[in-house]
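First up is the structure itself, then whatever we jot down about it.
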2 protein chains.
Amino acid sequence: MTYCVGLLLKAGMVLLSDTRTNAGLDNIATYRKMFTFEDPGERVIVILTAGSLSVTQTTIARLRESIDHPEIEGAQSIMAAQTMLEVAEIIGNTLASVREDIDHKMNAAKVSVSASMIVAGQRKGGAMRLFLIYPEGNFIEATEDTPFLQIGEHKYGKPILDRVVRPDTGLEDARKAVLLSMDSTLRSNLSVGMPLDLAIVAKDACRVTGVQRIEANDPDFRKMSEAWSNALREGFQKIEI
Amino acid sequence: MTYCVGLLLKAGMVLLSDTRTNAGLDNIATYRKMFTFEDPGERVIVILTAGSLSVTQTTIARLRESIDHPEIEGAQSIMAAQTMLEVAEIIGNTLASVREDIDHKMNAAKVSVSASMIVAGQRKGGAMRLFLIYPEGNFIEATEDTPFLQIGEHKYGKPILDRVVRPDTGLEDARKAVLLSMDSTLRSNLSVGMPLDLAIVAKDACRVTGVQRIEANDPDFRKMSEAWSNALREGFQKIEI
């Protein structure tokens, strides 16, 4: 499984993904699930992926191919799309088409494949937008009322987001919130694993303004995780009922 | 959906269930999901249920019938079983049999039903035991390494349990832990709802030593929920990364 989360805030967008994939229970591997497409200052698109690796890899590969070879018939480049809505549509259509192809191949084995994606982006002059794309290619969008979207193992890490993330949360607090949300997920679910990929896209920069890979032995992350455990335990002790 | 949790501690057992059921998305009702069978001082059994209401109600009704009418052929009373393991087996077999019956009826509608249960109990002279019974009737048991079991929407409320519940956690702290675990679930998932049923079974008492229905407007629960939100936000603010 996977856990990816994206926040859409007034100050910018914050994105975090884990890297664990598994085929069956014991075939564990590390794969990047965050993909960045940039024309710095003009356009930035960050895609987070969850689901069958063969579906997500092929989808990203086709998106790249359309960017690199716009001359191919039917190629629709997300770097040339007029709006972020069009970007979401292209990614949704590509994902749905890849999923159908692979599902068809898997039919023989009576297995079904699926994948979903979070797409964050902004083009110069446009607004920041954050989408969750379903396996069928349709999508929903983050709004002021619901400023975050999650894919994969989203339940463990939702309570902290529900409590602290608001549209006017600053980027530093937002970074902390997604890392703590991931920390809760990592502790409670083995199918989500380090290292983590974090990206910050400040408003109107139209480029990734902060990027970080956080390794399993990262001392800052470990310190944060311990401080959070202590804060929870202390808070727990103080509560009377 | 549902959220039920049971803790097996050195000091006793703590059990909590919500009461929300839904048929479809909009047909919401309140049903008790905690059932107590007691011969005070001799034997106590508490059952928590999750899943299709028709399955869980019929299972509980059949268990009661076997207790009230042990003369019926094949009746196996959980109040007469020699050990808690036998109790778990009787409940597992009853659940599996009811589920099969109803599943068979539902086949025509191409719908499948399912249910699971948590069973906590102790008989005089025996140990406290806590089981999770699967829809197929097989079961697992809580141990020192894993002193809690959950059914239903278990993910939202797991991080807090993972962090604070240990076998030597006291009953008051355990009560607080399950209520906070439920609070996180209530906040993040609409399909789990108040009122709540809480039961405490102190070690070797062989009866329910504390029982409480917590209504939606309960001032103590609301105070606890707010205090926990504040503790989380304060802890969050203090953490540096």
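The values are calculated or read from the model by the stated rules, or taken from the named source; none is laboratory data. None of these values were measured; they are calculated from a predicted model. So basically every Cβ, Gly included, is an ideal-geometry build from the backbone, and we count neighbours across all protein chains shown. Only protein heavy atoms, including side chains, enter the accessible area calculation; ligands, DNA and RNA are left aside. Shrake-Rupley method; radii C 1.70, N 1.55, O 1.52, S 1.80 Å.
One table, with the values for the structure above:
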item	result
At q = 0.08, 0.11, 0.17 Å⁻¹, base-10 log of I(q)/I(0) for chain B (Debye sum, equal scatterers on each alpha carbon)	-0.31, -0.57, -1.28
Inter-chain shielding of B:180-189 (mean C-beta neighbours from other protein chains, 10 Å cut-off)	4
Label zone at A:Lys203, where the point sits 7 Å out along the Cα-to-Cβ direction: the range A:127-157 residues whose backbone N lies under 15 Å	A:127-130, A:143-145, A:147
Distance violations [Cα-Cα > 20 Å] among A:Lys223/B:Lys176; A:Lys155/A:Lys203; A:Lys33/B:Lys158; B:Lys176/B:Lys223; A:Lys33/A:Lys110; B:Lys10/B:Lys223	A:Lys223/B:Lys176; A:Lys155/A:Lys203; A:Lys33/B:Lys158; A:Lys33/A:Lys110; B:Lys10/B:Lys223
Helical mean residue ellipticity (222 nm; -39500 (n - 2.57) per DSSP H run of 4+; nearest 500) of chain B	-11500 deg cm²/dmol
Shortest-first distances to equivalent copies, position B:Lys203, nm, label 7 Å out along Cβ	5.7
Rg/Rg_ref, the range A:91-187, where Rg_ref = 2.2 N^0.38 Å and atoms are Cα	1.31
Extension gain, B:Tyr31 back to B:Arg222 (0.36 nm per residue minus Cα-Cα distance, nm)	66.6 nm
Solvent-accessible area per residue for the range B:3-216 (1.4 angstrom probe, square angstrom)	43
Theoretical gain in end-to-end length, A:Ser191 to A:Val111 [0.36 nm per residue, Cα-Cα removed]	26.8 nm
Residue mean of other protein chain beta carbons inside 10 Å, A:223-232	5
Label point 7 Å beyond Cα along the C-beta direction, distances from A:Glu136 to other copies (nm, shortest first)	3.1
Aspartates and glutamates whose Cα lies under 13 Å from that of A:Lys238, excluding same-chain neighbours fewer than 8 positions away	B:Glu172, B:Asp173, B:Glu226, B:Glu234
Label point 7 Å beyond Cα along the C-beta direction, distances from A:Glu38 to other copies (nm, shortest first)	6.5
The range B:95-137 versus the range A:11-73: alpha-carbon centroid distance in Å	42
For chain B: relative contact order, % (alpha-carbon pairs under 8 angstrom, 6 or more apart)	28
Chains B and A, summed buried accessible surface - 1.4 Å probe, Å², nearest 100	3500
Residue of chain A nearest the A-to-B rotation axis [by Cβ], rounded angstrom distance	A:Lys155, 2
